[in-house]
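The values are calculated or read from the model by the stated rules, or taken from the named source; none is laboratory data. On a predicted model such as this, the values are computed, not experimentally measured, just so you know. Cβ coordinates were reconstructed from backbone atoms using ideal geometry, including for glycine residues, and neighbour counts include every protein chain displayed. Note: areas computed on protein heavy atoms with side chains; ligands, DNA, RNA excluded. Shrake-Rupley method; radii C 1.70, N 1.55, O 1.52, S 1.80 Å.
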Amino acid sequence: MPQTVHTLSATVINDMKQFYADSSQTPPQGAVFRAKTGDAVITAYRSGKVLFQGSNPEAEAKKWAGETASAGKKSLPARKQAASSYHPPESLFASSHIGTDEAGTGDYFGPITVAGVYVEAEQIHQLKELGVKDSKHLTDARIRSIAKEIVKLELPYSLMVLPNNKYNQLQKKGWSQGKMKAMLHHHVIQKLMKKIDSLPLEGILIDQFCEPAVYKKHIAAEKESLAANTYFMTKAESYSIAVAAGSIIARTSFLKEMDKLSERLEISLPKGASQKVDQTIAKVIREHGRETLDSCAKVHFANSRKAEKYL
Ligand code: MN
């Protein structure tokens, strides 16, 4: 069986884990997750090594390992992601477009936030000068300050925050996190398109968190459909300034919401889903009662169970 191995960052592995949530399988010993798609079995290990096996492992690997994926091997054009009508044309990045991204999805505490930003072709250069880029490469302090600059430029944007109690309610109703994200992105796009009205719009780029067909299925279940010229791409914030700006606004909103929750509980809530989170859950339960988690946490995460040993 053909296979390929890549070493990827923890952030990318976390994105992948969420991306493949709907097709996950029981991971083998020492693995972070395993997922089975149409053409590949993907296994990510704690060491950062990710194994892609199956009929066409390179196609799946390219989504995450980017340009290095086929480097050194034959002369496949590196960025030619699986030819799909949802992959944006190269020209989109230099045109007037909308970009959307989210934050908070892998964090036990705090809401999910999704933001969309509309950038006109003429503003792209200006935004680059501001230092707008992939928020994963920026510190939280820098992200907050760039967000202020973006807001000052008065670019049309829209933001949605899914509070924890609403998140937990939807989750209990049977919604996957993927469906929540799809609906949030969809509403953000709709609101933003109303705002920009008749301004030029070449397309909409969503930082891809699931297969486009799955996204369409999720929004169709709520009687919604994709706007014309909607594209999906993994790591879109590295190519589109609008997605990068969206990621900065979503992240800043998430940080602000975390500050508010921490203040309310008088406990500094950690980001992520590490062991430190488990200990903090125990503290929240001891000081405020179990029911408080509903309003500040994504209670279905395994952390809720792991916190028991600290009680
Ligand atoms: Mn993203």
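Computed quantities for the displayed model
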| item | result |
| --- | --- |
| Accessible area (Å², per residue) of the chain, counting only protein heavy atoms and a probe of 1.4 Å | 49 Å² |
| Cα gyration tensor, the chain - rounded (a/c under 1.5), prolate or oblate | oblate |
| Protein accessible area in the chain, 1.4 Å probe - carbon and sulfur % | 51 percent |
| Within the chain, longest stretch clear of exposed GluC sites (Glu not before Pro) (DSSP loop, no more than 13 other Cβ within 10 Å) | 1-153 |
| C-alpha center-to-center spacing [the stretch 90-133, the stretch 202-277] in angstrom | 10 Å |
| Estimated dipole of the chain in Debye, rounded to 20 [Cβ of Lys and Arg +1, of Asp and Glu -1, Cα centre] | 880 debye |
| Prolate/oblate/rounded call for the stretch 136-266, Cα gyration tensor, a/c under 1.5 rounded | oblate |
| Flagged links, alpha-carbon separation over 31 Å, of Lys191/Lys283; Lys166/Lys306; Lys36/Lys128 | Lys191/Lys283; Lys36/Lys128 |
| Dipole axis of the stretch 219-311 (+1 Lys, Arg; -1 Asp, Glu on Cβ), positive-most option in Tyr239, Thr280, Leu226 | Thr280 |
